[in-house]
Amino acid sequence: MEIVGRDDLGLVYGILHFSRHVLGVDPFWFWADLPPQARDIIEVPASDYFSKRPRTRFRGWFVNDEVCLIGWKPTYPPTAEVWQPVFEALLRCGGNMVIPGTDLPKSGIHAELASEMGLWMTHHHAEPLGAEMFLRAYEGFKASYHEHPRLFEKLWEEAIEKQKDRNVVWVLSFRGQGDTPFWENDPSFDTPHKRGNLIGLAVRKQYEMIREQVADPVCCMAMYGEIAELYKQGHIQVPEGVILVWADNGYGKMVSRRHGNVNLRVPALPAPKEGEAHGIYYHVTFHDLQASNHLTLFPSPAGLIRDELEAALETGAGDYWLINSGNIRQHLYTLDLIAELWGSGAPGVEEHRKRFVARLFPQSEAQRGAIERLLADYAEPTIRYGPHEDDKAGDEFYHHPARRIVGHWLRGEAAKPDEGLLWAAGEAGFDRQVEHFERLCEQAIPVWTPLGARAAETLGRMKEAEKTRFEDHWLFHIRLHTSGCRGLYSLCRAYRAFREGDAPAAFVYAARSLAAYREGLAELRRAEHGKWESFYSADYLTNVASTVQSVETVVRWIRLHGDSPDFFQWYKQYLMPETEKYIYLENTHRRVLPDEELAARLDALFTFQGATSPAK
């Protein structure tokens, strides 16, 4: 047998094709806990196989917001033990390019290892050429290219020198420190022309510097956020031959992303005859402190992904596909779909789903149809918080707004709307904002609940060896959504009851919210079995633990307002037998019930009394 490729990476693909189609090793064998099976005999057809040309030239992952990978092992920055399975899976998916992490120390192994494994390197749009951040290198200086061009250029020179012997798709860009527009810290650039002119100046200088050191460099420029807007307005000139990279909004739609409460949705694909080469930066996972999916699957139907990426190819955006892959483990289904799309075919969503389920559950053939239907139905209960088809909520929707509600409420600011919730709930006042989130969750819970029941029923019929995989890659997402949805709903009800003067009911609702959010935290801990121990320990972005702590504060705060100072009033009023209320001795009947016990007993009492809520 001969495996022949025109270069080193071609040989790698040939070996991995043999590994998958002859030896039966799944591309996600590590991430899905699908170890290769030993076999006595393997039959290999005696025929030639010629690989097909991929539909995209450069295709890869941006391992972004990778807090799970960072927290998984004790060493920081992550070692080869963490990165090798990431790069292997990418190669097995036919990828050839990677951004290995977000703003990691340059001393880490990630870039060197990716290059050694044959991958092309590319860069974050906030780190042009992969250079060190200005403020880290020059403490005390103002990060202004206008004032300190030579200092910036020194960092660019160092980055080029370090990477010039590697395969690199060089990213030209100029944003501010911390991935924000530079004029937020330099108000003298107060017009689109001034801003675009400086960006164009920096980009041309970067391009010239690369060409001095590298023969025939491949360069691209991220048309991200404000840069895309300035370019389309004619304020930025890009050197000829540079790949223009267009970005989706974080929710899978090729339009400009929402910035805080501003959502212009400017189309983000090239117009006819707009440059020579084009690519895309696309999110299957996102982090935006609002409603994105970070720990859970893409919240819209897979058909949206397929349609958007096919439309991108039709406009000529096939030179560069950078996919935000997050922490890999939670996003296998969508990453696999995109791997087929960037490869040689355009799979139907249903056909792909059928193949994917068969690969992950080879022993549970009788249940595959049920699993396929669960996966197909996953996007149905995800909350649609806005008017557009892609306005679908991921796991962060239940946590960032919840913590904003808690802070706004407990700081005594309820007389005015929360500016950080306008994007979803408008300006009608804080009470109406909270009511808006309550209503959305109330509508979603009755849809999530039966989906979870179907999944649990399917789990009970599966082969024992595949149950944990099913919990990790299906039930995990449903449980995080369901618990988060119930948590946010009960928190909103607690706020409403408190505003109506019913502190005991508010206390019980807050305790329900706390219990629901703790279920989500328990699900993270459940999924940390075996080699995945501590995988979710650095959940700093959705931050379920922070939500739990916030709602714990609400529970205690409400009790302070109704049961203080003795923390015995509600027990006496609602739970103490009538025969004891007026004759008890304080020295024998004053045990203070813990919050959870008091809330549980009040909840049971109110429910027993036939109320549909714990209200009096």
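For the stretch 303-328, how many residues meet the condition of being part of a helix (DSSP H, G or I), touching a residue at least 60 places away in the same chain (Cβ under 8 Å) and either on the phi > 0 side of the Ramachandran plot or surrounded by 24 or more Cβ atoms within 10 Å (Cβ to Cβ) (or both)? Final tally of qualifying residues: 1.
Of everything in the stretch 103-130 that is touching an Asp or Glu at 6+ places or on another chain (Cβ under 7 Å) and small (G, A, S), the residue that is surrounded by the fewest Cβ atoms within 10 Å (Cβ to Cβ) is G118.
Could you count how many residues in the stretch 152-207 are in contact with a strand residue (DSSP E or B) (Cβ under 7 Å, 6 or more places away or on another chain) and under 16 Å from P239 (Cβ atoms)? Selection size over the stretch 152-207: 8. The listed residues are R525, R479, R469, and the only one of them that is surrounded by fewer than 16 Cβ atoms within 10 Å (Cβ to Cβ) and in a helix (DSSP H, G or I) turns out to be R525. Taking (1) touching a Pro at 6+ places or on another chain (Cβ under 8 Å); (2) closer than 24 Å to R403 by Cα in turn, L451 satisfies each apart from (2).
Taking residues in the stretch 509-522 that are over 14 Å from E552 (Cα atoms), and partners anywhere that are of a type in the set (A, V, I, L, M) and modelled with pLDDT of 95 or more, the pairs with Cβ atoms closer than 6 Å and at least 6 places apart or on different chains are G520/L480; G520/V544. Exactly one residue out of R493, R479, R526 is within 21 Å of F606 (Cβ to Cβ) and assigned by TED's automatic domain parsing to the domain that holds E597: that is R493. Restricting attention to the stretch 193-232, the residues being part of a loop (DSSP other than H, G, I, E, B) and at pLDDT 90 or above number 4.
Among the conditions (1) in a helix (DSSP H, G or I); (2) buried (at least 16 other Cβ atoms within 10 Å of the Cβ), G460 misses just one, which is (2). Of everything listed in (1) over 28 Å from C220 (Cβ atoms); (2) more than 16 Å from the chain's Cα centre (by Cα), the single unmet condition for L341 is (1).
Looking at L337, is it closer than 22 Å to H124 by Cβ, modelled with pLDDT of 95 or more and either buried (at least 20 other Cβ atoms within 10 Å of the Cβ) or in contact with a Pro (Cβ under 7 Å, 6 or more places away or on another chain) (or both)? Spelling it out, it is not the case that L337 is closer than 22 Å to H124 by Cβ, modelled with pLDDT of 95 or more and either buried (at least 20 other Cβ atoms within 10 Å of the Cβ) or in contact with a Pro (Cβ under 7 Å, 6 or more places away or on another chain) (or both).
Within the stretch 101-148, track down each residue that is acidic (D, E) and either in contact (Cβ under 8 Å) with a residue 24 or more places away in the chain or in a loop (DSSP other than H, G, I, E, B) (or both). Within the stretch 101-148, D103, E127, E132, E139, E147 meet the criteria. Picking from residues in the stretch 403-432 that are aliphatic (A, V, I, L, M) and over 18 Å from R499 (Cβ atoms), the one that is surrounded by the fewest Cβ atoms within 10 Å (Cβ to Cβ) is L422. On the basis of being under 29 Å from K154 (Cβ atoms), crowded, with 18+ Cβ neighbours inside 10 Å and touching a helix residue (DSSP H, G or I) at 6+ places or on another chain (Cβ under 8 Å), does G95 make the cut? So G95 fails the test. Taking the listed residues T79, T75, T56, the one that is exposed (fewer than 14 other Cβ atoms within 10 Å of the Cβ) and modelled with pLDDT of 95 or more is T75, with no other qualifying. One residue alone among V98, V86 is in the same structural domain as G343 (by TED's automatic domain parsing), at pLDDT 95 or above and part of a strand (DSSP E or B), and that residue is V98.
The residue list E435, E396 contains one member that is among the acidic types (D, E), buried (at least 19 other Cβ atoms within 10 Å of the Cβ) and in a helix (DSSP H, G or I), which is E396.
Filtering the stretch 210-227 to residues that are in contact with a Phe, Trp or Tyr (Cβ under 7 Å, 6 or more places away or on another chain) and free of Cβ contacts under 8 Å to residues at least 60 places away in the same chain leaves P217, C219, M223.
The values are calculated or read from the model by the stated rules, or taken from the named source; none is laboratory data. Everything quoted here is computed from the prediction, not taken from an experiment. All Cβ positions, glycine included, derive from the backbone under ideal geometry; neighbour counts span all protein chains shown.
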